[in-house]
Each structure stands twice: as structure tokens, then as C-alpha cells.
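Okay, so here's the structure we're looking at.
The values are calculated or read from the model by the stated rules, or taken from the named source; none is laboratory data. Since we're looking at a predicted model, the values are computed, not measured. Neighbour counts are summed over all protein chains in view; Cβ atoms, including those assigned to glycine, are modelled from backbone coordinates with ideal geometry.
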Amino acid sequence: MHNLYKKGVWGYPLELAASLVLLAIILIFYSILFFGFDVAKSEAPVISSENYQDSLTLVNLLKTQVKIDNNLISVADAVDIFYTGNSDKSKLEQPITEILNKLPKPKNRNSHYMLKIINEDISLEFGESKLIESKFLEQKIYLPLSSKKNVLVKLYLSCSGCNKKEIEVIS
Amino acid sequence: MNKKGVFLPIFVFSVFIILGLLYSTIAYEKLKREDMVIGLKASNLIKAYDEGDKINFFLEQSLKQSERKALSELYSNSGYKKGSCKDLGSFPILDSSCGEFNPEKNFEDLIKKEINEYKYKSTFEETNIIKLGNLLLTKISILPEIEKGLGSDFYKAISENNVNKADIENIEEKDNNLIIQFTEIELKIEGSLQSAYTIKPEFKLSNNLLFLNNFYKTIAENCRISQEECENNLKRIYSDISIEKQNKFLKIAINKDRYILKAAVDISSNLPNPKLFRENK
């Protein structure tokens, strides 16, 4: 009997077996508890990626310098000049469309950006407008005019058949 | 039992205790979590920063337009506010009756008055928690009690109110530019009334007042003896200038960028006292 307790020998037949069985039961029990019930995983829902969007594209667009009547001015100033009656839409159309065409779009999709300037008197629209398409990446801001009124400027991606994943890639 | 024989049972027991403690810690922390919608706090912070960017842009645009109006008035009135000097048609008579020549002070008064007439409108939209998923219908209770009754435009109203309350705090001249500093604007972070994001907008404008100061110096130095001498000297110094004589006055108009500097000068009368440099505040 004494030899059985010697170091390095597979001994304690009863204690060893019982301990190993107990260890296995404990590990199985906690595995089920941790992984089966996913204790670390929160039950709380995850917010949609759309909620992380900012208005940087629109602000940068409005700050972009464009050439109108040989003067280099920002899009925001060009809009102000239009509303003070010193310009017409055709002068804004080309430079703004050029900027809209340079913005990133989903590949292999029929998509285009739209810029809408909404005022109680005259509203402006740049880009192709199609009613069936869905709106994505909408950004908006109020732009002050020198008349002290504000106009609402909206930018969005109009796309047919786009899904959220495709939009996440470009946003 | 030999001492060595108890090692394994103690080890098994320890594993049981350690894993049990780990489980209870995780479960307790999960229960304690305030972020009932994952990412909502981060999203609310991003919204506050975005609102800050929009406010900066709004103030920058308003400031540019206010500057143009202020400068237009100052240039048309020889560096004074409208009505400060007697006039000869559309030309202000630049003499001592105008008061102290201090375009910087007049500019500050005018730009402050102008910018206060702009009213900020926010596009801030509060996160509609019900929209995020069916499970969230019951999560409305995560909003603090105080916010439930405030309506959906609460943060928007706070933002608009704080921007419209903000004023120009300081105008400083630096390297031929004017540094315009606004007072602090506090933006409440949605879902957490005790947290706020504060911005202190600051903008740089090129100093167009230097031209007015230089014009005053030029008149003071070159228009002492006769109208002819004055006219010849001014035409030599300014390329885009028109001068018209009317009795004892010289009606001077100088084109400078988008502005027209106008002044009627009588050689025999005294110029206003200058105050060319801003007082230290």
C-alpha cells in the first residue's frame, strides 16, 4: 500500500478518478454556462451604423471653391449670391454637378447624389431626380444667407437596389 | 492521507471557485450596464460633435457676411459708422466733426450688431429608440425621467438657444489678420443631461481695416498745402481712384476689392483725431 503513494506513480486510484470526474463535470458545467448561455454577450441590441453618420460631406461640399463668373468662391457663397438675385441657377448647375459626380458611390449600381436647397420662395435641385429610388446617407444643414434668412440644404445618395452593406463601405 | 494526495482535489475545488467567481463577476457587470443599446452613447457623442461642426460652419458663414456688410458701411463712410460725419451727397466729409478716427472700434460695433441678427437653426434629430428594433419598445425607460417630458426637440432647442446667445468675445489683430473669438457654446449630449460638449469658435479674417488706416495717414501726409498737390499725390499712390472737385472739397472714391472707399476732404479743415491702434483689453 505504501508503494502506491510514491511520487511519479499512477496512484490514489479512488481519489484520482473521483477528482478527474469532478473536474470534468465542473468544466462541462461552466462551459455550458459561459458558452451555451453566452454570459459575456450582451442582450442589448446594437445601434445601426446609420446612426454614426455625420454631415462632413455636405459641409465640405459647401466649403468647396468653385469658379463662377471668373471669381473663385465657395458653393455656400454661390448659393447666397443666387438668393440675393445676382446669379441664376445655370451658373451653379455645372460646378455643383461636377462636385456631386466626384463623391464616392457604390460600385455597379445606378446611383447618383442629389443636392436640394429648400427655401420658402425658390428651391433648387441639383443631380438626377428619379422618384422610385431610395435615399441613403442623407445629410442636412441650415445655411445662412446675407438676407439673414436660412435655407435648408440636403444632400443624399439616390440609389436603386442598394443595400445597407454597400452603403456602409462608402460612408 | 499523504500531503501530496490532496493536491488534485484542492485544484479541482479551486477551479470550481475561480470559474464561479468569474461567472458571477461577468453576470453582475452585465446587470450593472447602463448602455442598454450598444453604441447609443457613442452615437450620441458623434451627434454632438456633428452639431458642433454645423454650428462652426453657420457662424463662419454669418461672420463672413457680417464682415462684408460692416466693411461696406465703413468704406462708404471713411471708416465711420453711417451718420457719424456730415455729408456731401454720398460722400462723408472727413473732418474733426466726425469724432475720433477709430475704424477698429467701429468695425467691432458693426460686426457684433450684424452677427446678432443671424438666427441659428438646428437640424438635430433625437434618436428614435422605438425605431431601432422590436425589442427596444420596452427600452424607452433608459431615458432619464426629466427628458421624457421634454419633447422631441429638446436638444435642438438647447443648441439653437445657446448658439443664438453666443457673442463675439474678442477681436485680435495678428499678422495682418483679425482673429475673431466667440464665447463658449455648450451642447448637451443626448441621453445624459449632465454631460456636455463645449465649443469655442474662432475664425480668421484678413484685416481689411489696414487700408482705411493707411488712407487716413495718406490724407494726413499728402493733403496739407493745396488741392492740386493732394490730388496728384493720391493719384500716384492709388491706382483705382477717382477725384472730383466741388468748391473747397475733394470728393475721393477708391475701389478696393468689393468695396468703395469714399471721402470728401477739405484741405483747410482739420482731420479727425486718429486712434489707429486698438487699446489693450
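Check A:K105 against each of (1) in contact (Cβ under 8 Å) with a residue 60 or more places away in the chain; (2) under 29 Å from B:Y120 (Cβ atoms); (3) touching a Ser or Thr at 6+ places or on another chain (Cβ under 6 Å) and name the one condition it does not meet.
(2)
Do we find a residue being buried (at least 20 other Cβ atoms within 10 Å of the Cβ), more than 9 Å from every other protein chain (Cβ to nearest Cβ), hydrophobic (A, V, I, L, M, F, W, C) and not in a helix (DSSP H, G or I) anywhere in the stretch B:67-87? Don't jump to the end; show me each part of the working.
Narrowing the stretch B:67-87 to residues buried (at least 20 other Cβ atoms within 10 Å of the Cβ): B:67, B:70-71, B:74-75, B:77-80, B:85.
Imposing the further condition that a residue be more than 9 Å from every other protein chain (Cβ to nearest Cβ) reduces the set to B:67, B:70-71, B:74-75, B:77-80, B:85.
Within this subset, residues satisfying the condition of being hydrophobic (A, V, I, L, M, F, W, C) are B:70-71, B:74, B:85.
When the remaining residues are screened for being not in a helix (DSSP H, G or I), the result is B:85.
Within the stretch B:67-87 (the criterion being buried (at least 20 other Cβ atoms within 10 Å of the Cβ), more than 9 Å from every other protein chain (Cβ to nearest Cβ), hydrophobic (A, V, I, L, M, F, W, C) and not in a helix (DSSP H, G or I)), the answer is yes, since at least one residue qualifies.
Can you work out which of the residues in the stretch B:40-66 that are without any contact (Cβ under 8 Å) to a residue 12 or more places away in the chain and more than 20 Å from A:V151 (Cα to Cα) is farthest from the other protein chains (Cβ to nearest Cβ)? Explain how you work it out, then say what you get.
Of all residues in the stretch B:40-66, those without any contact (Cβ under 8 Å) to a residue 12 or more places away in the chain come to B:42, B:46, B:50, B:53, B:57, B:61.
Checking which are more than 20 Å from A:V151 (Cα to Cα) leaves us with B:42, B:46.
Working: B:A42: 7, B:I46: 6 Å.
Within the stretch B:40-66, the match that is farthest from the other protein chains (Cβ to nearest Cβ) is B:A42.
Evaluate the stretch B:187-208: report whether one residue or more is in a loop (DSSP other than H, G, I, E, B) and aliphatic (A, V, I, L, M).
Here is the first cut: in the stretch B:187-208, the residues in a loop (DSSP other than H, G, I, E, B) are B:190-191, B:200-201, B:207-208.
Now narrow it down to the ones that are aliphatic (A, V, I, L, M): none.
Looking for residues that are in a loop (DSSP other than H, G, I, E, B) and aliphatic (A, V, I, L, M), one finds none in the stretch B:187-208, hence no.
Go through the stretch A:37-58 and give me each residue that's closer than 30 Å to B:L31 by Cβ, facing chain B (nearest Cβ under 9 Å), within 22 Å of the chain's Cα centre (by Cα) and not hydrophobic (A, V, I, L, M, F, W, C).
A:P45, A:S48, A:S49, A:N51, A:Y52
Look at B:Y23 and say whether it is out of contact with any His (no Cβ under 7 Å at 6 or more places or on another chain), at the interface with another protein chain (Cβ under 9 Å from one of its Cβ atoms) and not hydrophobic (A, V, I, L, M, F, W, C). Break it down stepwise before answering.
Values: out of contact with any His (no Cβ under 7 Å at 6 or more places or on another chain): yes; at the interface with another protein chain (Cβ under 9 Å from one of its Cβ atoms): yes; not hydrophobic (A, V, I, L, M, F, W, C): yes.
Answer is yes for this residue.
Answer with yes or no whether A:S146 is assigned to a loop (DSSP other than H, G, I, E, B) and closer than 17 Å to A:S74 by Cα.
Working: assigned to a loop (DSSP other than H, G, I, E, B): yes; closer than 17 Å to A:S74 by Cα: yes.
Judged against the criteria, A:S146 is a match.
Can you give me the number of residues within the stretch A:89-140 that are of a type in the set (K, R) and more than 18 Å from A:L62 (Cβ to Cβ)? Talk me through it step by step, then tell me what you get.
Taking the stretch A:89-140 first, the residues of a type in the set (K, R) are A:89, A:91, A:102, A:105, A:107, A:109, A:116, A:130, A:135, A:140.
Keeping just the survivors that are more than 18 Å from A:L62 (Cβ to Cβ) gives A:105, A:107, A:109, A:130, A:135.
Of the residues in that region, 5 qualify.
I need the full set of residues from the stretch A:94-110 which are surrounded by 14 or more Cβ atoms within 10 Å (Cβ to Cβ) and either over 17 Å from the mean Cα position of the chain (by Cα) or aromatic (F, W, Y) (or both), in order please.
A:P95, A:I96, A:T97, A:I99, A:L100, A:R109, A:N110 - these are the residues of the stretch A:94-110 that are surrounded by 14 or more Cβ atoms within 10 Å (Cβ to Cβ) and either over 17 Å from the mean Cα position of the chain (by Cα) or aromatic (F, W, Y) (or both).
With the condition kept exactly as written, say whether any residue in the stretch B:23-40 is buried (at least 20 other Cβ atoms within 10 Å of the Cβ), modelled with pLDDT under 90 and assigned to a helix (DSSP H, G or I).
So far as the stretch B:23-40 goes, yes, one or more of its residues are buried (at least 20 other Cβ atoms within 10 Å of the Cβ), modelled with pLDDT under 90 and assigned to a helix (DSSP H, G or I).
Could you grab me the full set of residues in the stretch A:80-93 that are part of a loop (DSSP other than H, G, I, E, B) and either surrounded by 12 or more Cβ atoms within 10 Å (Cβ to Cβ) or touching a residue at least 40 places away in the same chain (Cβ under 8 Å) (or both)? Give the steps one after another, and end with the answer.
We begin by selecting, within the stretch A:80-93, every residue part of a loop (DSSP other than H, G, I, E, B); these are A:84-88.
Within the stretch A:80-93, A:T84, A:S87 meet the criteria.
In the stretch B:271-280, what residues are surrounded by 10 or more Cβ atoms within 10 Å (Cβ to Cβ) and at pLDDT below 85? Steps first, answer last, please.
As a first pass, look at the stretch B:271-280 and keep what is surrounded by 10 or more Cβ atoms within 10 Å (Cβ to Cβ): B:271-278.
Matches in the stretch B:271-280: B:L271, B:N273, B:P274, B:K275, B:L276, B:F277, B:R278.
Take the residues in the stretch A:59-88 that are under 24 Å from the mean Cα position of the chain (by Cα) and facing another protein chain (nearest Cβ under 9 Å), then tell me which one is nearest to B:L40 (Cα to Cα).
Here the residue is A:V59.
Which condition does A:T64 not pass, out of (1) touching a strand residue (DSSP E or B) at 6+ places or on another chain (Cβ under 7 Å); (2) without any contact (Cβ under 8 Å) to a residue 12 or more places away in the chain, if it passes all the others?
That leaves (2) as the condition not met.
Within the stretch A:118-143, can you find the residues that are closer than 17 Å to A:L103 by Cα and part of a loop (DSSP other than H, G, I, E, B)?
Listed by number, the residues that qualify are A:G127, A:E128, A:S129.
Looking for something surrounded by fewer than 18 Cβ atoms within 10 Å (Cβ to Cβ), in a loop (DSSP other than H, G, I, E, B) and touching a residue at least 60 places away in the same chain (Cβ under 8 Å) - is there at least one such residue anywhere in the stretch B:234-246?
Looking for residues that are surrounded by fewer than 18 Cβ atoms within 10 Å (Cβ to Cβ), in a loop (DSSP other than H, G, I, E, B) and touching a residue at least 60 places away in the same chain (Cβ under 8 Å), one finds none in the stretch B:234-246, hence no.
Would you say A:E98 is touching a residue at least 60 places away in the same chain (Cβ under 8 Å), part of a helix (DSSP H, G or I), of a type in the set (D, E) and away from every other protein chain (no Cβ under 14 Å)?
No.
A:D69 versus (1) assigned by TED's automatic domain parsing to the domain that holds A:S123; (2) at pLDDT 90 or above: which is the lone unmet condition?
Every listed condition holds for A:D69 apart from (2).
Could you please give the count of residues in the stretch B:89-130 that are surrounded by 15 or more Cβ atoms within 10 Å (Cβ to Cβ), among the hydrophobic types (A, V, I, L, M, F, W, C), over 27 Å from the mean Cα position of the chain (by Cα) and over 25 Å from B:N208 (Cα atoms)?
Qualifying residue count for the region: 1.
Being among the small types (G, A, S) and touching a strand residue (DSSP E or B) at 6+ places or on another chain (Cβ under 8 Å), is that true of even one residue in the stretch B:196-219?
yes
Just one of the numbered conditions (1) farther than 14 Å from B:L210 by Cα; (2) in contact with a Leu (Cβ under 9 Å, 6 or more places away or on another chain) is not true of B:S84; which one?
(2) is the only condition that B:S84 fails.
Show the residue pairs that are 6+ apart or on different chains and have beta-carbon atoms under 8 Å apart, the first residue being within the stretch A:13-33 and over 9 Å from B:L8 (Cβ atoms) and more than 7 Å from chain B (Cβ to nearest Cβ), the second being at pLDDT 90 or above and in a helix (DSSP H, G or I).
Pairs found: A:L27/B:V15.
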